[in-house]
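> Take this structure, written in structure tokens, and hold onto it; I'll ask about it next.
The values are calculated or read from the model by the stated rules, or taken from the named source; none is laboratory data. Just so you know, these numbers come straight off a predicted model, no measurement behind them. Note that each Cβ is placed from the backbone with ideal geometry, even for glycine, and that neighbours are counted across all protein chains shown.
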4 protein chains.
Amino acid sequence: MNKGRIEAFSDGVIAIIITIMVLELKIPHEKSELKDLLSLWPVFLSYVLSFIYVGIYWNNHHHMFTVVNKVNGAILWANMHLLFWLSMIPFATGWMGENHFAPATMALYGFVMFMNAIAYSILSNLLIKHHGSDSLLSRAMGKGLKGKVSVACYITAIPSAFINVWISGGLFVLVALLWLIPDKRIENIILKENQHSS
Amino acid sequence: MNKGRIEAFSDGVIAIIITIMVLELKIPHEKSELKDLLSLWPVFLSYVLSFIYVGIYWNNHHHMFTVVNKVNGAILWANMHLLFWLSMIPFATGWMGENHFAPATMALYGFVMFMNAIAYSILSNLLIKHHGSDSLLSRAMGKGLKGKVSVACYITAIPSAFINVWISGGLFVLVALLWLIPDKRIENIILKENQHSS
Amino acid sequence: MNKGRIEAFSDGVIAIIITIMVLELKIPHEKSELKDLLSLWPVFLSYVLSFIYVGIYWNNHHHMFTVVNKVNGAILWANMHLLFWLSMIPFATGWMGENHFAPATMALYGFVMFMNAIAYSILSNLLIKHHGSDSLLSRAMGKGLKGKVSVACYITAIPSAFINVWISGGLFVLVALLWLIPDKRIENIILKENQHSS
Amino acid sequence: MNKGRIEAFSDGVIAIIITIMVLELKIPHEKSELKDLLSLWPVFLSYVLSFIYVGIYWNNHHHMFTVVNKVNGAILWANMHLLFWLSMIPFATGWMGENHFAPATMALYGFVMFMNAIAYSILSNLLIKHHGSDSLLSRAMGKGLKGKVSVACYITAIPSAFINVWISGGLFVLVALLWLIPDKRIENIILKENQHSS
């Protein structure tokens, strides 16, 4: 079975999710001065954060699938499951932004991010299992340390929101930075592979 | 004529349909506590159900087209007809969720699902006819038993909604499960084919 | 320059346009009986008509590009111009449906369809010019009789709407039928070409 | 790493952005005469302008990537950064249209366009650096004079909006025309390259 169409479909859904979020940034009706934009900052800030998160997911999905060479039914559904939780991000983002980062909204955001991390990990585990533990994919994915740290951060961020929203917010930014810092892992392994084979 | 673009267009439309549905999950305005999310459960539940349904359609469409190698004008229109009924799913889902699974809304949902099943069956019959009864596609599709059972369930679910919504709801979940259980049919036939030819 | 990405981008825009139209079919809030759906029939009917129209455009675009093998800057912009007028269809459709096919709304619908026909004809002329008059594309496109009849219908439909909306409505349905009836032209020419070369 | 999926994802996001903008063109509710469309002209005009701008970005992105043959992580993020600012265009367009080109809304429009130009320039610089200064890409991009003139126009347009909105408006139209006038640069270089190698 071909991986091309699963990539195309995921790209489509992720592209829509990332763009739908911007619809939450509602035009201030009957207000046309620069200061009227100020009240939008929490919505804008939460949009920026979620844009980066969705971008990270697309990026990782893209990287992972460059070393995938076969898929099966279970993988299709694991991917669909990931898309489901990604599709919850605009809702969580909008609720958080609109309520100026109120505790419950940040806890929900953490929960949605946690579910996304779990869904991604299910998908990557199924892919590794399908390709074998000595496959290029398996070596490229490594131990998934970053993923585990992220999950720990989300688990901490959920209850923390009710104590101090700044802790949760800090953890969300931390996870984003963790993934934004370039990860040469997959790129290096592919590079080595090419050198070996040539 | 190339099948690539019909796949790409279908992927695009299905990706948008699946993502548009989430817009029905409206943010509870000026409410920022966890208990405010509780009132959203019927909308959320109907979203989950429809997400799975649309996922099943994408999955089956994807599987079927892996063994398609030619299309014609009638097939393009049969595909468009399927996309039309798929595009009705967000409306039916939203109406059902918003009205807490009221009888008429569940009957409409059943009707939309029924029309989708019919549209899918027209598409697959045209494809089989175009490829010949001894084609890989024809053997892969088999007798379409699952499709027939689904149609029977939808036909039962429509009037049942006015007697007891739980019957219809149960039937919708049943059909979803029927398709979620892995169907090795197409995968096996392709596998055998590859073994034969090698 | 490659035609693949212009196809992909057009597919994306057309897929979104066709799906955005369904958003006009608004859920009847706080109404959950079958009879509450009755008031939606003009919106539904105009959605069906526009779905078919956009489907025809996608279909023709798809057919035409199967015989295109090169594009240039002017063609990219002619394609963008077509996408612009296609993007006006949801607005014209929504206005017409919401106002139960009022004269002015049908005149606007006719105008938007007229502009789409003009935009499509500019695109196909540029493509023919770029490929040469003895190219496969040029022969496949023929004299464009259908296109000319369509334009004549739209020009008639615009003023007719203010006399009797049924005339305009009839003309819109006529044009749709004209294009829905299978057009073997391009398919036949490709078929012949393949026979010649083999 | 393959450039195909970055192109596909960008196409998806840009297709959605260009189509989402049309949603700002809201149907005049309970008004069904031609004169009711007149009040929409500022929204329509700003839609046309932004459609052309987004079209230019897609066009340039498309042209640039035809000569790209490798990407890395930093390029993926630079592309994501460009998509972020492109996603701000519907908001800026809607605000400007709804407020009949009020000074602050035009200044914001200029700012968003300025950020897009910066994001595009970061992306193209990273691509040139990745391909080397003697690469086909590098020669095709040239000195980027048009880009510099555009940035200068945007910088001028932002404060000018508070003096006279016609200055800013004129500058926006000027930049659009600057890019609409066919740019044979990349096409010529590819043409020459093909002649050299053959």
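> So which residues in the range D:37-66 are over 18 Å from D:L126 (Cα atoms) and among the β-branched types (V, I, T), if there are any at all?
Passing the criteria: D:V43, D:V48, D:I52, D:V54, D:I56.
Condition check ((1) over 16 Å from A:T19 (Cβ atoms); (2) modelled with pLDDT under 95; (3) not polar (S, T, N, Q)) across all residues:
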| residue | (1), (2), (3) |
| --- | --- |
| A:W41 | yes, yes, yes |
| A:H61 | yes, yes, yes |
| A:M64 | yes, yes, yes |
| A:N69 | yes, yes, no |
| A:W77 | yes, yes, yes |
| A:L82 | yes, no, yes |
| A:W85 | yes, no, yes |
| A:I89 | no, no, yes |
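> Taking the range D:21-39 on its own, how many of its residues are under 24 Å from the mean Cα position of the chain (by Cα) and either more than 8 Å from chain C (Cβ to nearest Cβ) or small (G, A, S) (or both)?
From the range D:21-39, those under 24 Å from the mean Cα position of the chain (by Cα) are D:21-26; that's our starting set.
Going one step further and asking which of them are either more than 8 Å from chain C (Cβ to nearest Cβ) or small (G, A, S) (or both), we end up with D:21, D:24, D:26.
Selection size over the range D:21-39: 3.
> Separate question: Between a residue in the range A:18-45 that is touching a residue at least 40 places away in the same chain (Cβ under 8 Å) and any residue that is of a type in the set (G, A, S), which pairs come within a Cβ distance under 6 Å, given they are 6 or more apart or on different chains?
A:M21/A:S50; A:E24/A:G94; A:P42/A:G97; A:V43/A:G97
> For residues that are buried (at least 21 other Cβ atoms within 10 Å of the Cβ), more than 7 Å from chain A (Cβ to nearest Cβ) and small (G, A, S), tally how many sit in the range B:1-20.
So the count comes out to 1.
> Going by what's in this entry, would C:F51 be described as within 30 Å of B:V22 (Cα to Cα) and crowded, with 20+ Cβ neighbours inside 10 Å?
Judged against the criteria, C:F51 is a match.
> Name, by its number, the condition in (1) within 26 Å of A:A15 (Cβ to Cβ); (2) touching a Gly at 6+ places or on another chain (Cβ under 8 Å) that does not hold for C:A78.
(2)
> Would it be correct to say that D:F91 is at positive phi, out of contact with any strand residue (DSSP E or B) (no Cβ under 6 Å at 6 or more places or on another chain) and not acidic (D, E)?
In short, no.
> Could I ask something else about it? Can you work out which of the residues in the range A:40-56 that are more than 11 Å from the chain's Cα centre (by Cα) and more than 14 Å from chain B (Cβ to nearest Cβ) is farthest from D:W77 (Cα to Cα)?
Filtering the range A:40-56 down to residues more than 11 Å from the chain's Cα centre (by Cα) leaves A:40-48.
Right, trim to more than 14 Å from chain B (Cβ to nearest Cβ) and you get A:40-41, A:44-45, A:48.
Numbers: A:L40: 25, A:W41: 23, A:F44: 19, A:L45: 18, A:V48: 14 Å.
Filtering the range A:40-56 for residues that are more than 11 Å from the chain's Cα centre (by Cα) and more than 14 Å from chain B (Cβ to nearest Cβ), the one farthest from D:W77 (Cα to Cα) comes out as A:L40.
> Would a scan of the range C:136-152 turn up a residue that is without any contact (Cβ under 8 Å) to a residue 12 or more places away in the chain and hydroxyl-bearing (S, T, Y)?
yes
> Look through B:M96, B:M106, B:M64 and report the one residue that is in contact (Cβ under 8 Å) with a residue 60 or more places away in the chain and more than 28 Å from B:G142 (Cβ to Cβ).
The conditions single out B:M106.
> So if I check each of B:N116, B:N99, which one is crowded, with 19+ Cβ neighbours inside 10 Å, in contact with a Leu (Cβ under 7 Å, 6 or more places away or on another chain) and of a type outside the set (S, T, Y)?
Only one candidate passes the filter, namely B:N116.
> Another question, if that's okay. Would you point out the residue of the range B:150-162, among those that are among the β-branched types (V, I, T) and over 14 Å from the mean Cα position of the chain (by Cα), that is surrounded by the most Cβ atoms within 10 Å (Cβ to Cβ)? Give the steps one after another, and end with the answer.
First, pick out the residues of the range B:150-162 that are among the β-branched types (V, I, T): B:151, B:155-156, B:158.
Now narrow it down to the ones that are over 14 Å from the mean Cα position of the chain (by Cα): B:155-156, B:158.
Working: B:I155: 15, B:T156: 14, B:I158: 18.
Top of the filtered list is B:I158.
> Now, a different point. For the range C:30-113, which fully contained helices (runs of 4 or more DSSP H) count at least 1 residues that are over 25 Å from D:S50 (Cβ atoms)?
C:41-66, C:89-98
> State the number of residues belonging to the range D:46-61 that are among the aliphatic types (A, V, I, L, M), in contact (Cβ under 8 Å) with a residue 24 or more places away in the chain and more than 30 Å from A:H61 (Cβ to Cβ).
Residues meeting the conditions: 2.
> Of everything in the range C:57-69 that's within 27 Å of C:F101 (Cα to Cα) and at the interface with chain B (Cβ under 9 Å from one of its Cβ atoms), which residue is surrounded by the fewest Cβ atoms within 10 Å (Cβ to Cβ)?
Restricting to residues being within 27 Å of C:F101 (Cα to Cα) and at the interface with chain B (Cβ under 9 Å from one of its Cβ atoms), the top hit is C:N59.
> Moving on to the next point. Yes or no: B:S50 at pLDDT 90 or above, among the hydroxyl-bearing types (S, T, Y) and farther than 17 Å from B:V173 by Cα?
Criteria not met by B:S50.
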